[in-house]
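All remarks here apply to the structure that follows.
Any read-out appearing in this document is the output of simple, stated calculations on the displayed coordinates, not a laboratory observation. Because the structure is predicted, anything quoted here is derived from the model rather than measured. FYI the Cβ positions are ideal-geometry reconstructions off the backbone, even for glycines, and counts take in every protein chain you see.
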Amino acid sequence: RNICNQKQFIRSDSGISSTSSSSYLEMRPSQLPNMELSQTPVCEETVIDWPLDIDDLLRFSFQVAQGLDFLAAKNCIHRDVAARNVLLTDRRVAKICDFGLARDIMNDSNYVVKGNARLPVKWMAPESIFDCVYTVQSDVWSYGILLWEIFSLGKSPYPSMAVDSRFYKMVKRGYQMSQPDFAPPEIYMIMKMCWNLEPTERPTFNKITHLIERLLGDQPGQEQLIYQNVQQQVTEGEVCDEPKCCDGPCDQSCDHEEEEQPLMKTNNYQFC
């Protein structure tokens, strides 16, 4: 069943279940809606000569937030929100993909993964790292990390910082990364809102889309920076460290419930 129901900013083959005996499922090309396969795609030379500007980065951020807002409305948490799980069409429309960890928290609130889970710690919210709790609010935290990736032009988060005891202490104490080079102050403010240690104090994806929408098409002249050869500016080749989520029993409760945060439920996803 297609979980996205052809939502514009979610990859349209995400969530498909196949009963075929084949071990592989063919993926559709990432292209704009209503665009036939026979249509001529943007050629490689055109892509190379099509530099990114601030509006492109804002649009990517807006489109991903819209896709995640749709998932939240369907009672679904992604649990692996990161730039590596966002694809672009040949016309630069961002699509959320990789639903391997996605779950419907309304219908499967007792889901438990046993064994040693290896997870992308640098993208995870503190409550996911330390309490093994996954909610829409933890997706919001990860979205803030994704914003940092976008506006640093693809750098790895927490650059030059190893995932060790010092890293965990800094996250628990509320450490936040500095403003990326290409992020407007308003975007950095959204990042900091997403990184609030209190999950229920983080903005909803609906609020985030409205905040970014205000910035689209309303950029001052000095901020219309052109980012040529983006890939050459990616100086961080750091690979995500993925230690075990936790070694001890997980706390299976969450006491924070608010009307604006309907998916902050008791006994959400636990990893031990």
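Anything over 18 Å Cα to Cα? Flag those among 122/169; 122/172; 155/207; 172/207; 95/192, in the order listed.
On the way: 122/169 13 Å; 122/172 13 Å; 155/207 26 Å; 172/207 25 Å; 95/192 24 Å.
Over 18 Å Cα-Cα: 155/207; 172/207; 95/192.
For the pair residue 200/residue 216, report the inter-label distance in nm, with labels modelled 7 Å from Cα in the Cβ direction.
3.2 nm
For the stretch 114-214, what are the per-bin percents of Cα-Cα distances with bins 10 Å wide, up to the bin holding the maximum?
Result returned by the calculation: 15, 49, 31, 5, 0.
Test of understanding: extend the Cα→C-beta vector of residue 186 to 7 Å, then name every residue of the stretch 150-176 with backbone N under 20 Å from that spot.
Backbone N within reach: 150-153.
Which loop-located trypsin sites (Lys or Arg not before Pro) does the stretch 130-182 contain, where loop means any DSSP state but H, G, I, E or B and the Cβ has at most 15 other Cβ atoms within 10 Å?
Numbers: sites: 155, 166, 169, 172, 173; in loops: 155, 173.
Qualifying residues, ordered by number: 173.
Can you figure out the FRET efficiency of residue 160 with residue 55, using R₀ = 30 Å and their beta-carbon distance, to the nearest 0.05? Don't skip to the end; give the middle numbers.
Details: r = 30 Å, r/R0 = 1.01.
It comes to 0.50.
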